[in-house]
Amino acid sequence: NAGVTQTPKFQVLKTGQSMTLQCAQDMNHNSMYWYRQDPGMGLRLIYYSASEGTTDKGEVPNGYNVSRLNKREFSLRLESAAPSQTSVYFCASSEQRHRTDQPQHFGDGTRLSIL
Amino acid sequence: GENVEQHPSTLSVQEGDSAVIKCTYSDSASNYFPWYKQELGKRPQLIIDIRSNVGEKKDQRIAVTLNKTAKHFSLHITETQPEDSAVYFCAATPRDAGNKLTFGGGTRVLVKP
């Protein structure tokens, strides 16, 4: 039972390059989330998916796209990377119960540097 | 949307003393308040959470209190140990917001032996 697995762990890109960050969970959770964490700041929600087939914007969605491939997997894509997107990216998942919020479980993060 | 402010940003305590971190939130509809601990280079890990129908919750050396009227909640760590050194984040989410958390800016806690 690995929990939430993110790949890659580290990545360096040049400005304008594209890449996809992968996330998979094996806890049978319905909801999945992508956050970014900048130095000295809390986590900010980029996108989330309440269930397979649905996605919704969070606080900072500009410059990103997501795909909920199936119940286990939720990917984050940078189409044209910019230096401002240098950050640590965390994926999380949680159960979904009607009108009751559940704890989110985080992956180990992807450290992304854009030159 | 929700706004969460967290204080202090850094906290240094002597081993064995207590540590208190305070958070305020803006959305009166918020009803779920988790606390996460993040060690350097690691993932955030849930340490305790509280829902709006409860005023206080304890788990060994950790406790959280919630004041809905004042819209603030606090984390209390008693008998601090060096392994409590980490960054702590509070968060809040309104009911029916799809469990979308808004995080505070974090508190770096250093426990000096």
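Read-outs throughout are calculated quantities, based only on the coordinates presented, and are distinct from any laboratory measurement. Everything numeric here is computed off the predicted structure, so don't read it as measured data. Ideal geometry is used to build each Cβ from the backbone, glycine not excepted, and the neighbour counts take in all protein chains shown.
Details
- Percentage, to the nearest whole number, of Cα pairs in the protein assembly as shown over 26 Å apart: 37 percent
- Compactness check for chain A: Cα Rg over 2.2 N^0.38 Å is 1.01.
- Residue by residue, the range B:104-113 carries 3J(HN,Hα) couplings of x, x, x, 10, 8, 9, 10, 9, 8, x Hz when phi is fed to the Karplus relation 6.51 cos²θ - 1.76 cosθ + 1.60 (θ = phi - 60°); x denotes Gly or Pro.
- Per-residue mean of C-beta atoms belonging to partner chains within 10 Å, peptide A:103-114: 3
- Taking the charge dipole of the protein assembly as shown about its Cα centre, with +1 at Lys and Arg Cβ atoms and -1 at Asp and Glu Cβ atoms, the residue from B:Ala19, A:Gly107, B:Leu75 reaching farthest to the positive side is A:Gly107.
- Working value for chain B: equivalent-ellipsoid semi-axes of 24, 14, 12 Å, each the square root of 5 times a Cα gyration tensor eigenvalue, largest first.
- Reach of A:Lys57 by Cα under 19 Å, taken over lysines that are not fewer than 8 positions away in the same chain: A:Lys71, B:Lys100
- Listed by chain and number, the aspartates and glutamates whose alpha-carbon sits under 12 Å from that of A:Lys9, ignoring those within fewer than 8 places in the same chain, are A:Asp108.
- Rounded Å value of the spacing that divides the Cα centres of the range B:1-35 and the range B:67-84: 7 Å
- For the segment B:39-50, counting C-beta atoms of other chains within 10 Å of every residue's C-beta and taking the mean gives 3.
- Note on the range B:1-88: Lys pairs 8 or more places apart or on different chains, Cα atoms under 22 Å apart, count 12.
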